[in-house]
Amino acid sequence: MMILLKKHIFFIALVWVTFCYSGLYAASLDSGYPDQIVLSVSEDLSTSVSVSWRTDESMSSSTLQIAREHSRFNIADSATTHLAKSELLEFKGLRTWHHAVLLEGLDAQTTYVYRVGQGEKWSEWINFTTTGGSEATLKFVYFGDVQSNIKSMWSRIAKQSIRTIPDAQLILYAGDIVNRGNNLHEWEDWFYASGGMHQSIPIMPASGNHDHGDSHAGVYGISEYWNKQFKLPNNGAAGLEGTSYYADVQNVRFVVFNTEMFNTYEKNREDQVQWLEEVLAQNKQPWLIMLFHHPIFSTKKNRDNIELRNLIKPLIDKYKVDLVLQGHDHTYARGKDKVPMTGDEQSHTTYVVSVSGPKMSEVQEADWMDRSASFTQLFHGVEVQHDKLIFSSYKVNGDLLDTFTILKTRGVNTIIH
Ligand SMILES: [Fe+2]
């Protein structure tokens with residue numbers, strides 16, 4: 001009898017440990033109702049946008065309804081309906097459906113209203129606005145690593161970023177959005193903390209080392225959740241869909257690069273370098289911005305990404321990338337004119353490293369830096385005009401820490417501090 005009781009207790013404990021470890025918990029998953037609604041950047045945000053969302057396993061298909069925004073309540077009467085592409089994710093004992101629609105043929109600089117769902121189970125109606133043409137001014141937010149204490153601490157900076165820059169058209173992340181890429185709890189915390197801002201403002205994420213992990217099949221790569229919840233342009237290096245891609249938004253070509261796979265696999269390194277050179281060479285936009293995780297110039301003691309610097313910086317120099325946005329080192333630093341170059345050339349490129357979450361470090365000062373800060377959570381607002389880029393760094397309370405302007409004159413960049 002005692003042996004049976006012990007076995008019973010052991011079995012219950014085993015189930016509980018498995019439950020906790022596997023991430024079966026899905027705090028916001030309500031039967032049949034959509035959640036985790038995200039707009040992802042498309043190849044042309046003036047005419048298209050990707051929308052993705054999640055349901056539990058009871059809802060294997062789902063739809064999106066969209067109309068031009070108007071002030072009347074009967075939106076559904078003028079809405080068109082789109083059937084989503086639906087994928088089942090079976091991971092760590094949980095089955096969820098992930099739905100997506102690529103909306104195309106939209107009008108530029110126009111506000112639309114949409115909802116997702118099926119039958120009686122719908123999201124709320126949500127507004128979003130398409131971007132303008134190449135002459136229009138672009139405003140976007142850039143976050144360094146989120147990673148830890150996402151719900152309790154990072155949420156403050158997410159809310160403040162929208163209070164400070166309410167007309168942001170795009171939100172960039174330089175990777176390490178979570179600490180363990182295959183942990184559902186952390187993604188749910190991030191969805192909670194971002195407070196629905198990604199339902200109205202498209203996301204452009206780069207992936208960090210912490211956003212990777214072992215897949216269901218035991219292969220190291222991007223999180224199982226990443227390409228289910230973000231539907232990013234399918235124009236990247238082979239095998240790195242969703243983590244290497246580019247998008248032209250108004251007057252900027254953004255190029256997103258996967259430094260974790262660059263560091264991990266020789267093949268991913270070679271393929272990405274070749275892809276990157278083609279994408280940079282083909283650029284027709286006046287501004288060129290790169291977004292990736294591991295920095296070309298580290299800001300932290302005992303860290304250095306030598307292979308990345310040796311292989312990627314020559315391309316950044318050759319194709320005159322204007323701005324490189326990075327993360328990973330949990331500090332803030334930026335620099336341009338003192339960046340090391342061959343000969344007596346001066347760097348065209350401004351490099352930035354930043355952190356948005358509360359896991360922060362002390363900067364190791366280096367000659368290339370124009371400004372730096374230790375132990376400071378930051379978000380950044382960037383405004384890109386035809387011949388001017390204004391970059392502002394804000395603390396979690398909205399106070400301005402640092403700002404600079406890049407003036408572009410006949411293709412030559414001058415920085416004003
Ligand atoms: Fe990292």
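Values in this text are rule-based calculations from the coordinates and carry no lab data. Computed from a predicted structure; not experimentally measured. Methodologically, a virtual Cβ is constructed for each residue, glycine included, from the backbone with ideal geometry; neighbour enumeration extends over all protein chains shown.
Can you give the angle from 0 to 90° between the axis of helix 155-164 and the longest principal axis of the chain, with both taken from C-alpha atoms, to the nearest 10?
Orientation of helix 155-164: about 50 degrees from the principal axis.
Please compute the Kirkwood hydrodynamic radius of the range 254-324 from all pairs of different C-alpha atoms, in Å with one decimal.
Numbers: mean 1/r = 0.0794 Å⁻¹.
After inverting the pairwise mean of 1/r, the radius is 12.6 Å.
Grab every C-alpha pair in the range 120-254, bin the distances at 10 angstrom width from 0 up to the longest one, and report whole percents.
Pairs per bin, as whole percents: 11, 39, 35, 13, 1.
Taking the Cα atoms only, what angle lies between the long axis of helix 184-193 and the longest principal axis of the chain, rounded to 10 degrees?
The answer is roughly 60 degrees.
Across the range 35-129, what fraction of all alpha-carbon pairs, as a whole percent, falls in each successive 5 Å bin from zero upward?
Final binned percentages: 3, 13, 24, 23, 18, 11, 5, 2, 1.
Using the Cα atoms of the chain to build a convex hull, what is its mean projected area in square nanometres? It would help to have the intermediate numbers written out before the result.
Numbers: hull surface 92.7 nm².
Projected over every direction and averaged, the Cα hull of the chain covers 23.2 nm².
Rank these for me by crowding, PHE391, PHE143, PHE73, going from fewest to most other beta carbons within 10 Å.
Numbers: PHE391 21, PHE143 27, PHE73 8.
Result, fewest neighbours first: PHE73, PHE391, PHE143.
Can you tell me the alpha carbon radius of gyration of the range 258-397 divided by the globular rule-of-thumb value 2.2 N^0.38 Å? Don't skip to the end; give the middle numbers.
Values: Rg = 15.1 Å, N = 140, 2.2 N^0.38 = 14.4 Å.
That works out to 1.05 for the range 258-397.
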